[in-house]
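Everything below concerns the one structure shown next.
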Protein chains: 2
Amino acid sequence: MAASTRRGTPAATARDRVPPHPELRMITLQQVLEALVDPVRRQIVRELDAAGQDLACGVIELPVSKSTATHHFHVLREAGLIRQHYVGTSRLNALRREEFEESFPGLLDALIAAPEQR
Amino acid sequence: MAASTRRGTPAATARDRVPPHPELRMITLQQVLEALVDPVRRQIVRELDAAGQDLACGVIELPVSKSTATHHFHVLREAGLIRQHYVGTSRLNALRREEFEESFPGLLDALIAAPEQR
């Protein structure tokens, strides 16, 4: 009688799963800088910006293990920089560009424009 | 005959002492973010910006010991954010605003404009 034990809302399908996202107005500059001081996380932000569309985690080639990459995406999500959602089993990522711009005017553009190498 | 042993350039006076400053074009975004991820260092930058003139280290009230404060000024100097020089025994500090703007357009303004508290 397994079915009778399933009460309340049905189990979420893969399509429904959306991890929690902070409101940008709760994010501090400290969190943003701690997220972006890591060069791999800046690479993710740059590639999402260049793509101009949602990208699956696996599409962005990073010089770290898959689990470390997952951690980096998590930190960016917690800092309000990216939005994640699932389509099927793929986790897709997008920059929260406009929301971020409202909270930190000019910061993302300045960081993306800044040269990484000298 | 101590005088005869002093050859070459005379000993620097306090007024002459200028610590080494990096060229901005050698500074990486990584160095800048590592410098500015520290809230005390951001406080120094904000106060120098607000003052609009050179400030002695001791004029800026920081929640750290004097030696830690000296370290923070050193990190900012190494990251190309401030210029230091001596007048008498006072070490004066100024933002390298224009030079920094050339190398990292918009970044300092965006960081200074960003709210520290939520």
Kindly provide the set of residues from the range A:97-118 that are of a type in the set (Asp, Glu) and more than 16 Å from B:ASP109 (Cβ to Cβ), ordered by number.
A:GLU98, A:GLU99, A:GLU102, A:GLU116
Only one of B:LEU62, B:LEU107 that is closer than 29 Å to A:ALA113 by Cα and modelled with pLDDT of 95 or more:
B:LEU107
Given A:ALA114, A:ALA79, A:ALA51, which one is in contact with a Phe, Trp or Tyr (Cβ under 6 Å, 6 or more places away or on another chain) and of a type in the set (A, V, I, L, M, F, W, C)?
A:ALA114
Residue among B:VAL87, B:VAL37 that alone is among the hydrophobic types (A, V, I, L, M, F, W, C) and exposed (fewer than 14 other Cβ atoms within 10 Å of the Cβ)
B:VAL87
Within the range A:62-84, considering residues that are basic (Lys, Arg) and buried (at least 17 other Cβ atoms within 10 Å of the Cβ), the one nearest to the other protein chains (Cβ to nearest Cβ)
A:ARG77
Only residues that are surrounded by 14 or more Cβ atoms within 10 Å (Cβ to Cβ) and either more than 14 Å from every other protein chain (Cβ to nearest Cβ) or at pLDDT below 95 (or both): list them for the range B:40-55, please.
B:ILE44, B:GLU47, B:LEU48, B:ASP49, B:ALA51, B:ASP54, B:LEU55
Restricting to the range B:91-104, name every residue that is of a type in the set (S, T, N, Q) and either loosely packed, with under 15 Cβ neighbours inside 10 Å or closer than 16 Å to B:ARG46 by Cβ (or both).
B:ASN93
Looking at A:ARG7 and the list (1) in a loop (DSSP other than H, G, I, E, B); (2) at pLDDT 95 or above, which single condition is not satisfied?
(2)
Need the failing condition index for A:GLN30 against (1) within 8 Å of chain B (Cβ to nearest Cβ); (2) within 19 Å of A:THR68 (Cα to Cα), just the number.
(2)
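The values are calculated or read from the model by the stated rules, or taken from the named source; none is laboratory data. All figures in this text were calculated on a predicted structure; none of them were measured in a lab. FYI the Cβ positions are ideal-geometry reconstructions off the backbone, even for glycines, and counts take in every protein chain you see.
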